[in-house]
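Below is one structure; the comments refer to it alone.
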Amino acid sequence: MLPLVNVGHKSLGDYATLVSRGLMNEIQRLAEPLQGKRVAHVSATAFGGGVAEINYTLVPLMADAGLDVEWRIIHGEDEFFNVTKAIHNGLQGAARALTADEQAIFARFNAENAEAFAESDYDYVIIHDPQPVAMIDSFQERRAKWIWRGHIDFSTPNEQVFDVLLPSIRRYDASIFHMREYVPHADLPMAVVWPPAIDPLMPKNMALSPEDAAYIVDQFGIDVERPLLTQVSRFDPWKDPLGVIDAYRQVKRRFPEVQLALVGSMAHDDPEGWDYYKRTTEHADGDPDIYILSNMNNVGAVEVNAFQVHSRALVQKSTKEGFGLTVTEALWKARPMVAGRVGGIVTQIVDGETGWLVDSVEACASACIEILRDPDEARSRALKGKEHVRRHFLTPRLLRDWLVLFNKLAGNDTGGSDIVVV
Ligand code: UDP
């Protein structure tokens, strides 16, 4: 069988003070007809990136709601992950097409993983992202309802790459996208739109005092008396760490004391990460006020939390972004957020109200300068951002959406609870 991820336990009751009572009651009601239903989440990695982040909370909360849930990881090797990274880039718009050899590698690994997966054990199979999307092709007859959850920005995909995946996606009983703009113009049995969410009680997001945050950040050599800008994200061209360095250099001309931290984990399924890490280091060109850190320097969840809490401004200068959980995380901590006007970021940041949306290095730099110049205005925007996150992007809402979908697929009455089906 595909290896299981151990997610531990979580209790929905712990979230009662963070979200509305109405939502908690709705979750209970929706979970009732689903007691004991068997659910499998399948993804490419249990470490690094948004899917892992979401599942460590969603899976145990689904279990606490009474479902019998597992999360399994597919087997992959470099040749497979090189192809899936090319697919990821293609779906986000990169021009490079997939060769016939690459398509064969993709199909072979998916078929092998399908062989190691007992689909008839489940009522619902949830496949995350493109890597395992073609496992469904191996099951001509299916007992479970199959749901595909796409986590990336599909607004302008490379059509050749998308066409390779579409026959598989069409087989799913439902597909879920972060935004309406991502739903392909293809005949899908059911296309659903809902955003992901963050867990406010995880070490990454739980309340951390400014003193504790400064204490942690100080250990990485940062001068905690001087302002810090931070971008937390994988080392990936779409996250534009090089552009962040350029923007920081412009800010530094106005505020010479400013420092920059680029905090990025290395995901197991991201072979490009190391190359881009090197390019980023080269671009920093030995500037002693630029700190490039990753899980290799022991930057784990609490440290990411500390960097987010301590920074004067957080940057997410993406040029493509499925949703941008780092944006949600920063807003939840009421930190001023400067982010690319792309993908799911625009559902989180209302420009000029809950943060700053930017389209260029220059705009990114001026937003940071504005924040450093007027911290009070920055704080008031950030506080609005936090309330926006509380209402829309915390995990109990995401759990609710899943329960509505499960009920719909089972033909149960959802008692007025609904989701966006396009
Ligand atoms: N992340 C992390 N450590 C890092 C870099 C990223 O824990 O060094 C986390 C980050 O906090 C966020 C997730 O990885 O929760 C990234 O999700 P996002 O949606 O921003 O981007 P993705 O990596 O899925 O494209």
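The values are calculated or read from the model by the stated rules, or taken from the named source; none is laboratory data. Fair warning: this is a prediction, and the values are worked out from it, not measured in the lab. Methodologically, a virtual Cβ is constructed for each residue, glycine included, from the backbone with ideal geometry; neighbour enumeration extends over all protein chains shown.
Return yes when Glu353 is acidic (Asp, Glu) and within 11 Å of the ligand (Cβ to nearest atom) and no when it is not. Step through it out loud before you land on a result.
Numbers: acidic (Asp, Glu): yes; within 11 Å of the ligand (Cβ to nearest atom): no.
The answer is no for Glu353.
Which one of these does Thr281 not meet: (1) within 15 Å of Gly264 (Cβ to Cβ); (2) of a type in the set (S, T, N, Q); (3) within 11 Å of the ligand (Cβ to nearest atom)?
Of the numbered conditions (1) within 15 Å of Gly264 (Cβ to Cβ); (2) of a type in the set (S, T, N, Q); (3) within 11 Å of the ligand (Cβ to nearest atom), the odd one out for Thr281 is (3).
Counting only residues that are in a helix (DSSP H, G or I) and modelled with pLDDT under 95, which one in segment 282-308 is farthest from Arg335 (Cα to Cα)?
The initial filter retains those residues of segment 282-308 that are in a helix (DSSP H, G or I), namely 282-284, 295-297, 301-308.
Now restrict to residues that are modelled with pLDDT under 95: 295-297, 301.
Values: Asn295: 23, Met296: 26, Asn297: 24, Ala301: 17 Å.
Of everything passing the filter in segment 282-308, Met296 is farthest from Arg335 (Cα to Cα).
Of the numbered conditions (1) more than 23 Å from Leu201 (Cβ to Cβ); (2) surrounded by 18 or more Cβ atoms within 10 Å (Cβ to Cβ), Ala330 satisfies every one except a single condition; which is it?
Single failed check for Ala330: (1).
Need the failing condition index for Val346 against (1) within 12 Å of the ligand (Cβ to nearest atom); (2) outside any loop (DSSP other than H, G, I, E, B); (3) out of contact with any Lys or Arg (no Cβ under 7 Å at 6 or more places or on another chain); (4) more than 30 Å from Asp212 (Cα to Cα), just the number.
Checking Val346 against (1) within 12 Å of the ligand (Cβ to nearest atom); (2) outside any loop (DSSP other than H, G, I, E, B); (3) out of contact with any Lys or Arg (no Cβ under 7 Å at 6 or more places or on another chain); (4) more than 30 Å from Asp212 (Cα to Cα), the one that fails is (1).
Looking only at segment 363-408, which residues are surrounded by fewer than 18 Cβ atoms within 10 Å (Cβ to Cβ) and either farther than 20 Å from Arg226 by Cα or in contact with a Ser or Thr (Cβ under 9 Å, 6 or more places away or on another chain) (or both)?
Ala363, Ser380, Leu383, Lys384, Lys386, Glu387, Arg390, Arg391, His392
Filter segment 208-250 down to the residues that are away from the ligand (no atom under 16 Å from the Cβ), aliphatic (A, V, I, L, M) and surrounded by fewer than 21 Cβ atoms within 10 Å (Cβ to Cβ), then identify the one that is farthest from Gly286 (Cα to Cα).
Checking each candidate, the answer is Ala214.
From the set of residues in segment 32-83 that are polar (S, T, N, Q) and under 23 Å from Ile152 (Cα atoms), which is modelled with the lowest pLDDT?
At the first step, the residues of segment 32-83 found to be polar (S, T, N, Q) are 35, 43, 45, 55, 57, 82.
Narrowing further to those that are under 23 Å from Ile152 (Cα atoms): 43, 45, 55, 57, 82.
Details: Ser43: 97, Thr45: 92, Asn55: 97, Thr57: 95, Asn82: 95.
By that ranking, first place goes to Thr45.
Which one is surrounded by the fewest Cβ atoms within 10 Å (Cβ to Cβ) among residues in segment 277-309 that are under 20 Å from the mean Cα position of the chain (by Cα) and β-branched (Val, Ile, Thr)? Outline the logic, then answer.
Here is the first cut: in segment 277-309, the residues under 20 Å from the mean Cα position of the chain (by Cα) are 277, 293-295, 299-309.
Checking the rest, the ones that are also β-branched (Val, Ile, Thr) come to 299, 302, 304, 309.
On the way: Val299: 20, Val302: 16, Val304: 23, Val309: 21.
Only one residue fits best here, namely Val302.
Looking at segment 370-397 only, could you name the residues that are touching a helix residue (DSSP H, G or I) at 6+ places or on another chain (Cβ under 9 Å) and not in a helix (DSSP H, G or I)?
Listed by number, the residues that qualify are Phe393, Leu394.
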